[in-house]
Protein chains: 2
Amino acid sequence: MTTDVVACCTPVSAGSLAEPEAAALAEAFAALADPVRLRLLSFITSATDEVCACDLVEPSGRSQPTVSHHMKILVDAGLVSRQKRGQWVWYRPVPERLEALRRVLG
Amino acid sequence: MTTDVVACCTPVSAGSLAEPEAAALAEAFAALADPVRLRLLSFITSATDEVCACDLVEPSGRSQPTVSHHMKILVDAGLVSRQKRGQWVWYRPVPERLEALRRVLG
């Protein structure tokens, strides 16, 4: 025979986000709290290959220095990687970092 | 006969995030730029059902007023819904809003 126990509250999972991981992820989310950076990230994640900095100016509607400023924040947050070849800089997403952020969102 | 054209840059997708959507999503990401709120959200998304405010105090290590303050920001950002029943408030995730944020992350 089993006894039904009705808890007063739904138990909170012990497998939830730990404090140090939350602090690191919060910094990455802060980098995304800007519409220009969100659009720049979307250009990069929706591309089939790496994206040249030169290709971010026209679709974002922002100047090259503004694009560079925002891209530096995305790179520093670990969301995008950056490689300089010749006169141009190329960007690609960092999938494992983006996946870590997606996991927090359920 | 076809001519191979090698583009100098990877084309940026026309299907990327539009400016109004980016502005709305950036506000939601701003709500996540805080480790306490990220942990509160993780408690709620990892629960199997709605979570009582009374159950967020102990795992978050924050006082009830602090929890309420942060939960209000998550609710205002549309990430969590709130229902008051009797003396307690109950929270559950807003899946379609969280999914919209996940989509930006590739």
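Between A:ASP76 and B:SER63, the simple label model (points 7 Å from Cα in the Cβ direction) yields a spacing of 3.3 nm. Computed from backbone phi, the HN-Hα couplings of the stretch A:42-53 come to 5, 4, 6, 6, 8, 6, 7, 8, 4, 10, 6, 3 Hz, rounded to whole numbers (Karplus: 6.51 cos²θ - 1.76 cosθ + 1.60, θ = phi - 60°; Gly and Pro given as x).
Give the calculated FRET efficiency between B:ARG85 and A:ALA24 to the nearest 0.05, with a Förster radius of 25 Å applied to their Cβ-Cβ distance. Before the final figure, lay out each step's value.
Details: r = 36 Å, r/R0 = 1.42.
Taking R0 as 25 Å, the efficiency between B:ARG85 and A:ALA24 is 0.10.
Rounded to the nearest 10 square angstrom, B:TRP88 shows an accessible area of 90 square angstrom against a 1.4 Å probe. Rounded to the nearest 20, the size of the Cβ-charge dipole of the protein assembly as shown about its Cα centre is 280 debye, with Lys and Arg at +1 and Asp and Glu at -1. Cross-link partners among lysines for A:LYS72, C-alpha distance below 27 Å, same-chain residues fewer than 8 apart left out? Hits, sequence-local ones excluded: A:LYS84.
From the square roots a ≥ b ≥ c of the eigenvalues of the alpha-carbon gyration tensor of chain A, which class results: rounded (a/c under 1.5), prolate (a/b over b/c), or oblate? Don't skip to the end; give the middle numbers.
Values: a/c = 3.20, a/b = 3.11, b/c = 1.03.
Verdict is prolate for chain A.
For B:VAL89, nonlocal amide neighbours, meaning residues 5 or more places apart or on other chains whose placed amide H falls under 5 Å from its own, are B:ALA53, B:CYS54.
Net charge near B:LEU105: determine it from the other residues with C-beta under 12 Å of the C-beta of B:LEU105, scoring Lys and Arg +1 and Asp and Glu -1. Spell out each step's value before the answer.
Working: positive: A:ARG97, A:ARG102, A:ARG103, B:ARG102, B:ARG103; negative: A:GLU96, A:GLU99, B:GLU99.
Surrounding charge for B:LEU105 is +2.
Cut-off 10 angstrom, C-alpha nodes, Gaussian network model of chain A. Which of A:SER60, A:SER42, A:SER16 fluctuates the most? Result for chain A, Cα springs under 10 Å: A:SER16 fluctuates most. Just so you know, the averaged projected area of the alpha carbon convex hull for the protein assembly as shown sits at 17.1 nm². Label-point spacing for B:ARG102 across the identical copies (point 7 Å from Cα in the Cβ direction), in nm and ascending order: 0.8. Among A:ALA18, A:ALA28, A:ALA53, determine the one that fluctuates most according to a GNM of chain A built with springs between C-alpha atoms less than 10 Å apart. Comparing A:ALA18, A:ALA28, A:ALA53 in a Gaussian network model of chain A, the most mobile one is A:ALA18.
The values are calculated or read from the model by the stated rules, or taken from the named source; none is laboratory data. The structure displayed is predicted, hence computed values, not measured ones. With ideal geometry, Cβ positions are generated from the backbone for all residues, glycine too; neighbour counts draw on all protein chains shown. Accessible surface areas use protein heavy atoms only, side chains included; no ligands, DNA or RNA. Shrake-Rupley method; radii C 1.70, N 1.55, O 1.52, S 1.80 Å.
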